[in-house]
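Notes to accompany the following structure.
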Amino acid sequence: MARALRLGRGILAGAAFAGYLWLAHVTTAPDRPSTLGALVAVVPYMGIALAMAWKSRNRGAALALWAAVAVGLWQSWTLVEARFEWVYFVQHAGVFSLLALGFGRSLAGDGEATITRFARLVHGDAMHPALARYTRGATLAWTLFFAAMATASTSLFFFGPLHAWSVLINLLTPPLVALMFAAEFLARVLLLPSSVRTGLVDSVRACIASRRASGGATPPPAA
């Protein structure tokens, strides 16, 4: 019963997310001012920000800052309605740019690649050489993917039709990320013996355990 409830919640959450992306697309693609489009772009982020402010250690200051931003949005709402697509652009291109930078920097010099670090949380210091080589290559592959997504988003936003850009960020990004995960999983199956494979679930569990043990923040694994 509990498993069925979790599955049902997962399906509902997935359907809600897909519906949000579709609504974001149909309000952005026409490239014209839209009250609904501005609300769809702004309200979810303001809701998340409000929840974070409420849970903040400095709740008063955080809520005051949130209120100041809300007032600023209200006072400039006409501009927000006319240019709400910038909210999506900053979020999409910004996230992929930061991921590309973070993963790419871990490949510089003698540093440990990001996915290698995640794998070490599962396998410990005695990591199989084949796994170390593979995870470094996987980190490079994800870096190139993140960079390609950020470049495509930026290029289409500034030089292409807004409809095509909206299709990329709202409709194609989730399946492209899923396809990248599938390709990386297939490569892992083909290139690594089963005894040293590191799965996504194992990495997530190891990261959570490490975070609880250290009391610090550990970034979520990407592969």
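The values are calculated or read from the model by the stated rules, or taken from the named source; none is laboratory data. Please read all numbers here as calculations on a predicted model, not as lab measurements. Note that we place each Cβ from the backbone using ideal geometry, even for glycine, and neighbour counts take in every protein chain shown. What goes into the accessible areas is simple: the full protein's heavy atoms, side chains included, and nothing from ligands, DNA or RNA. Shrake-Rupley method; radii C 1.70, N 1.55, O 1.52, S 1.80 Å.
A few points about this structure:
- Of the residues contained in the stretch 31-38, none is found to be open to solvent by 60 Å² or more (accessible area, probe 1.4 Å), in contact (Cβ under 8 Å) with a residue 24 or more places away in the chain and within 23 Å of the chain's Cα centre (by Cα).
Yes/no matrix, rows are residues, columns are (1) open to solvent by 60 Å² or more (accessible area, probe 1.4 Å); (2) touching a residue at least 60 places away in the same chain (Cβ under 8 Å); (3) farther than 22 Å from residue 157 by Cβ:
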residue: 7; (1), (2), (3): yes, no, yes
residue: 46; (1), (2), (3): no, no, yes
residue: 58; (1), (2), (3): yes, no, yes
residue: 73; (1), (2), (3): no, no, no
residue: 87; (1), (2), (3): no, no, no
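- Listed by first and then second residue, the pairs with beta-carbon distance under 7 Å, at least 6 apart or on different chains, first residue in the stretch 124-137 and under 9 Å from residue 191 (Cβ atoms), second assigned to a helix (DSSP H, G or I) and among the aliphatic types (A, V, I, L, M), are 130/196; 134/191.
- Boolean, residue 27 is under 30 Å from residue 145 (Cβ atoms) and either part of a loop (DSSP other than H, G, I, E, B) or not charged (D, E, K, R) (or both): yes
- Hits in the stretch 75-85 - residues which are outside any helix (DSSP H, G or I), open to solvent by less than 80 Å² (accessible area, probe 1.4 Å) and either free of Cβ contacts under 8 Å to residues at least 24 places away in the same chain or charged (D, E, K, R) (or both): 76
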